[in-house]
Amino acid sequence: MDARRTRKRLWRWRKNPLRRRDDVVEAWVLVGTWAAVVVGGTLTGVVTAHAADGVFEAQRAERHAVRAVLVTDARRPAAAVEGTGGQVVGKVRWTDADGASHTRRTLVDPGQKAGSRITVWTDSRGELAAEPPSATEAAMEAALLGAAAAGACSGLVVGVGAVARWRLDRRRLDRWGREWDLVGPEWGHKTG
């Protein structure tokens, strides 16, 4: 980048008789916006990813796999149901660590016969739960959530900065209009 281009970009910071107070305020708004995007976006992303990773780690610690027996046949559906991943509802029975027997409905792979052994996941209360994400899946999801939070924070900051700059532009235009109303008539065409 050559010196002329740098001077042109930094004109708001140099002493200049045409520089207005609003120009300096706008320069500081830009600096503050970019600093908040870099620092705030990064911090928000890291904190969100760390919190999500903690939640996924707690799920992996709390939930455990249990061997269960399919009580009813898992018939193939006539049409696929959205959001089930091709699975069907089946009745399963399992015994928890205390020796209590439980029977519940859950999603199972279709085509299995009654008496088939399957794996279900239970939480600390012994209730059926979704399988927790693996460490790799959790890391990827935490990173994605962190990136989304960083993007949302950055977008909010850029939006606030844009509104501040828009208000400064409106104020400059209003001042320019008032000044033109004072000076404009003096420049009018006079016929004699």
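Inspect the stretch 143-153 for any residue being open to solvent by 100 Å² or more (accessible area, probe 1.4 Å), within 28 Å of the chain's Cα centre (by Cα) and without any contact (Cβ under 8 Å) to a residue 40 or more places away in the chain and give the result as yes or no. Among the residues of the stretch 143-153, at least one is open to solvent by 100 Å² or more (accessible area, probe 1.4 Å), within 28 Å of the chain's Cα centre (by Cα) and without any contact (Cβ under 8 Å) to a residue 40 or more places away in the chain, which makes the answer yes.
Scanning the stretch 86-98 for residues that are within 13 Å of A68 (Cα to Cα) and open to solvent by 50 Å² or more (accessible area, probe 1.4 Å) turns up K91, R93, T95, A97. When the test is whether a residue is exposed (fewer than 11 other Cβ atoms within 10 Å of the Cβ), farther than 17 Å from A143 by Cβ and at pLDDT 85 or above, A27 does not pass it.
Name the one entry in G155, G177, G184 that is at pLDDT 95 or above, of a type in the set (G, A, S) and in a helix (DSSP H, G or I).
Details: G177 fails: at pLDDT 95 or above; G184 fails: at pLDDT 95 or above.
Of G155, G177, G184, the one residue that is at pLDDT 95 or above, of a type in the set (G, A, S) and in a helix (DSSP H, G or I) is G155.
Checking the stretch 124-147 against the condition returns a match, with at least one residue being in contact with a strand residue (DSSP E or B) (Cβ under 9 Å, 6 or more places away or on another chain) and either acidic (D, E) or in a helix (DSSP H, G or I) (or both). Within the span defined as the stretch 31-39, every residue fails to be modelled with pLDDT of 80 or more, farther than 30 Å from G161 by Cβ and either under 37 Å from the mean Cα position of the chain (by Cα) or among the acidic types (D, E) (or both). Of the candidates A97, A148, the single residue that is small (G, A, S) and at pLDDT 90 or above is A148.
The values are calculated or read from the model by the stated rules, or taken from the named source; none is laboratory data. This one's a predicted model, so the numbers in the text were calculated from it and none came from an experiment. Note: ideal-geometry Cβ built from the backbone for every residue, glycine included; neighbour counts use all protein chains shown. Remember, those area values only see protein heavy atoms, side chains included, never the ligands or the DNA or RNA. Shrake-Rupley method; radii C 1.70, N 1.55, O 1.52, S 1.80 Å.
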